[in-house]
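A short write-up of the structure that comes next.
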Amino acid sequence: MHHMDLGLHRVHSALAALDLAHLPFPCAQIVGTNGKGSTSTFLAEVLTASGVRTGLFTSPHFLSPRERILVDGRQLPESDWLTAAEAVLRVSEDVSPARRLTYFELVTVMAAWLFREYGCEAAVIEAGLGGAHDATTALAHDLTVYTPIGLDHERVIGPTLADIARDKAGAMREGVPAVSARQEPLALDILTGMARRVGAPFFLADDVAAEVGKSWPHKPVMLGPHQADNLRLALAAHHLLAARCGLPQDAATMERAARTAFIPGRLQLVPGAHGQPSIFLDGAHNESGLQSLNAALRDLDIRPSAMIFACLADKDFTAMLPLVRSLSDGPVYVPGLDVQGREMDPGELARLIGPTALPVADMAEALRRVAGLEGTVLICGSLYLLAEAFRLHPKWLDKPASS
């Protein structure tokens, strides 16, 4: 189960067996490289604030798989997860190996099943790493939403930006509108070309905002200038989905959603207490993500006094390392990650970063090294790294009281 096997036939078979080939609620699929989680969260928050019972499917999780499937922003009971898993496995496990679901496929189908059981009136589905062959693309959707596309997972869907854009463009469906954030010219050409070929109405979020978004909120509570772009894309997606599917929309709920949306590990600030430094956690793990992180720190006038950084072995170090080095003038602690088959030796990574970098055994040791420092400590480079921080400090996963 815990392997990757691209293709949609297994998911289509399971959905048909569960009478989910056509979902009983409007659905938006969020595809792209960076900003998928934030855009999905913003869109789900707007729908929920409008009084629409909303399911949200995201990935990966930090501490519990239950983080992946939310209804109106809340995790579902373990007993419901077990019931859903049993329902899906009944139609997929005792069949030929060609029809057995992978882990991600199982959880994707479980999300659709749970959203139906909970009477959801809309769903927001975040794609995994791809588009054309991603399990979420098997779900019938009423809108395809594109966050910025960049280089990531090149070994699976790459190796070039054109390859990645073509794969993600493959999520489009005939007659189903698509809306996109700003893209690199090559990626945008590929998206618009696919839209023409399959007959999908194509919109740019900036154009939708210019036409109907005069009363939209422009600055979310989530930090970083890129979050304003993610919010604009989510609001454009909401406008198109609401118009297509008859969902409510008004400026007050949009403003409330912009103030309350929260997703852990996206330029998340944990204020310092009791002589400890403030902690910034960010999931930037590729070139474009690190560029956004650099811009956000400049915008906030923050220069971290130290950094905890680690990433997986399948990343493009040539493009990432100059950005990593520019994030902080202080020490960089590089803990080991327990990610079987994808981990990188912390000593080798520290050597590549340079003389300011020091390998350490794990996140616990890294946090001990920065304890008592003044200023801000940045933790970034991999969502697996952030998961180690959240495992040691689970309260950091909670929505701030002011949100």
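Values for this structure:
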item	result
Inter-part distance where region 256-292 and region 1-61 are each reduced to a Cα centre, Å	24 Å
Dipole-positive endmost among ALA319, LEU101, LEU293 within the chain (Cβ charges, Cα centre)	LEU293
Within a Gaussian network of the chain (alpha carbon springs, distance under 10 Å), most fluctuating of GLY35, GLY275, GLY51	GLY275
Stretch gain in nm, segment ASP207-LEU63, where the contour uses 0.36 nm per residue and the Cα spacing is subtracted	48.0 nm
For region 92-250: rounded, prolate or oblate by the Cα gyration tensor [a/c cutoff 1.5]	oblate
Among PHE57, ALA181, GLY32 - extreme Cα towards positive end, dipole of the chain, charges at beta-carbon	ALA181
Placed amide H near TYR146: partners under 5 Å, 5+ positions off or other chain	VAL31, VAL179, SER180, ALA181
Partner lysines for LYS395 [C-alpha distance under 19 Å; skip if fewer than 8 residues away on the same chain]	none
Sequence-distant lysines (8 or more away, or on other chains) whose Cα lies within less than 27 Å of LYS399	LYS36, LYS219
Residue-normalised accessible area of the chain, given per residue in Å² at a 1.4 Å probe	42 Å²
The chain: antiparallel DSSP beta bridges as a percent of all, rounded to 5	20 percent
0 to 90° range, to nearest 10: angle between helix 78-90 axis and the chain longest Cα axis	60 degrees
Dipole-positive endmost among LEU204, VAL370, ALA17 within the chain (Cβ charges, Cα centre)	LEU204
Cα centre as origin, Lys/Arg/Asp/Glu Cβ charges: region 119-208 dipole, Debye	240 debye
Assigned charges on the beta-carbon of Lys, Arg, Asp, Glu; the chain dipole about Cα centre (debye)	420 debye
Phi to ³J(HN,Hα) by Karplus 6.51 cos²θ - 1.76 cosθ + 1.60 over region 321-328, Hz, x for Gly, Pro	4, x, 5, 4, 5, 7, 6, 8
Loop-exposed GluC sites (Glu not before Pro) per DSSP, neighbour cap 15 Cβ within 10 angstrom, longest uninterrupted part of the chain	175-373
Aspartates and glutamates whose Cα lies under 13 Å from that of LYS214, excluding same-chain neighbours fewer than 8 positions away	ASP206, ASP250, GLU255
Percent carbon-and-sulfur accessible area, the chain, ignoring ligands, DNA and RNA, probe 1.4 Å	53 percent
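The values are calculated or read from the model by the stated rules, or taken from the named source; none is laboratory data. Keep in mind the model is a prediction, meaning the values are calculated, not measured. Neighbour counts are summed over all protein chains in view; Cβ atoms, including those assigned to glycine, are modelled from backbone coordinates with ideal geometry. Just the protein is used for accessible areas: all its heavy atoms, side chains included, with ligands, DNA and RNA removed. Shrake-Rupley method; radii C 1.70, N 1.55, O 1.52, S 1.80 Å.
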